[in-house]
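Taking it in order: structure first as structure tokens, then the write-up.
The values are calculated or read from the model by the stated rules, or taken from the named source; none is laboratory data. Small disclaimer: the values here were computed from a predicted structure and weren't measured. We place every Cβ from the backbone using ideal geometry, glycine too, and count neighbours over all the protein chains shown.
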């Protein structure tokens, strides 16, 4: 190269020229990124979209793959089932100490209430010596597989907001439920079933309504899908009369093309959800009837659960929950309503209403643990049992009612969990001698959520979704994993 040409080239590579060229390069990178997020680039991306419920990798190696959540809507009385208090029995029907009532808010208690001792007998069972009342004879058979948590608390003391808080981490509708977060974070292992299924038994829906299994601001493909044990298992999933499967397929293909055009024009993620849900519904027409037919289960299985095919019951739903996790459904939630034992009448007091709820659920809940264990599924499935809060150590006595009952109590209540990384046969936390407050190892709702996510391989601080200008998470602004509960 001639010296003069070399010098000319060197003169062109000035500091200004260098930054000018780098600027063009950075601008090109930014443009490429913007095109991927909107406009033409997003349309190219839409051509390559994947199933939003396809399995996704966890943050770290999980201890569990599925969760079955047995939600006792209405709040079971921990003081009559798992947390005996001899002091309550000793001072039964005497006035509650004034220091416990100062500044306290109750849902229904008025004036100075009287303490209420449990009328039921307790015994210690299992290696951990769990205290269990006579109301739960079948639970005693699984005590060594279960961790009992005595020290939970919540910020809510009325049913609807407390149920929302327990399910979504917030007391007002609009947030995603835990099942939705798990579907969003991990997807589903069965392309023919939803990632999150809801089964309901008892008097009616939970007080928190369908918001308890809503996807909130997440795409609606992640919301819970309610299955029914009578009639069509899923509403509107069957073909209308006179419409054969071939015509339904042609109709869905046409709708797919129209929705695809809409997605390219609007780039609305809800359109993508609609496409995915239509296809899932079509596949469910084949997968759901076989799933819901529990009549083919063995006589021994029906005897263990107490199931009756074709009826609406908690027992049937427990068996269905096992069948769902066998098929890879990520999160199954059972709601059984009727635990609101205020004692306003005989049907809602602890001597009748509570007894009936335990009779409806104890055998099937224990059978679920035993069935999962014998099939080798308990090691990878977490089973959680509990309500939205606890019950007071005092008698409510609403309107002078003679029937014993307890008001809502957010300060201390009991839940239990088993399987999938839960340390079996332990008792965690303690309450004071009256069962009014937590005395040891306090744990709140966000701690429970953080621990469940951790066992599923998800860091609750990293599982986020951007909405209205900030990143949200199930535990939102606080919550800690509880290592003492994990094996």
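In segment 429-475, the residue that is nearest to residue 164 (Cα to Cα) out of those that are outside any strand (DSSP E or B) and modelled with pLDDT under 95 is 468. Does residue 478 count as at pLDDT 95 or above, over 24 Å from residue 380 (Cβ atoms) and either in contact with a helix residue (DSSP H, G or I) (Cβ under 6 Å, 6 or more places away or on another chain) or in a helix (DSSP H, G or I) (or both)? Spelling it out, it is not the case that residue 478 is at pLDDT 95 or above, over 24 Å from residue 380 (Cβ atoms) and either in contact with a helix residue (DSSP H, G or I) (Cβ under 6 Å, 6 or more places away or on another chain) or in a helix (DSSP H, G or I) (or both).
When the test is whether a residue is closer than 24 Å to residue 324 by Cβ, out of contact with any helix residue (DSSP H, G or I) (no Cβ under 9 Å at 6 or more places or on another chain) and surrounded by fewer than 17 Cβ atoms within 10 Å (Cβ to Cβ), residue 61 passes it. Condition check: out of contact with any helix residue (DSSP H, G or I) (no Cβ under 7 Å at 6 or more places or on another chain) and under 22 Å from residue 145 (Cα atoms). Does residue 425 satisfy that? When the stated conditions are applied, residue 425 does not pass them. Against the definition (surrounded by 21 or more Cβ atoms within 10 Å (Cβ to Cβ) and more than 16 Å from the chain's Cα centre (by Cα)), how does residue 404 come out, yes or no? Spelling it out, residue 404 is indeed surrounded by 21 or more Cβ atoms within 10 Å (Cβ to Cβ) and more than 16 Å from the chain's Cα centre (by Cα). Could you grab me the full set of residues in segment 339-390 that are surrounded by fewer than 16 Cβ atoms within 10 Å (Cβ to Cβ) and within 20 Å of the chain's Cα centre (by Cα)? Across segment 339-390, the qualifying residue is only 379.
Does residue 287 qualify as being closer than 28 Å to residue 64 by Cβ, at pLDDT below 75 and surrounded by fewer than 21 Cβ atoms within 10 Å (Cβ to Cβ)? For residue 287, the condition - closer than 28 Å to residue 64 by Cβ, at pLDDT below 75 and surrounded by fewer than 21 Cβ atoms within 10 Å (Cβ to Cβ) - is met. Scoring residue 155 on the criteria (1) under 25 Å from residue 399 (Cβ atoms); (2) out of contact with any strand residue (DSSP E or B) (no Cβ under 7 Å at 6 or more places or on another chain); (3) surrounded by fewer than 19 Cβ atoms within 10 Å (Cβ to Cβ) leaves a single failure, condition (1). Candidates in segment 200-224 are the residues that are in contact with a strand residue (DSSP E or B) (Cβ under 8 Å, 6 or more places away or on another chain) and at pLDDT below 90; of these, the one that is surrounded by the most Cβ atoms within 10 Å (Cβ to Cβ) is 206.
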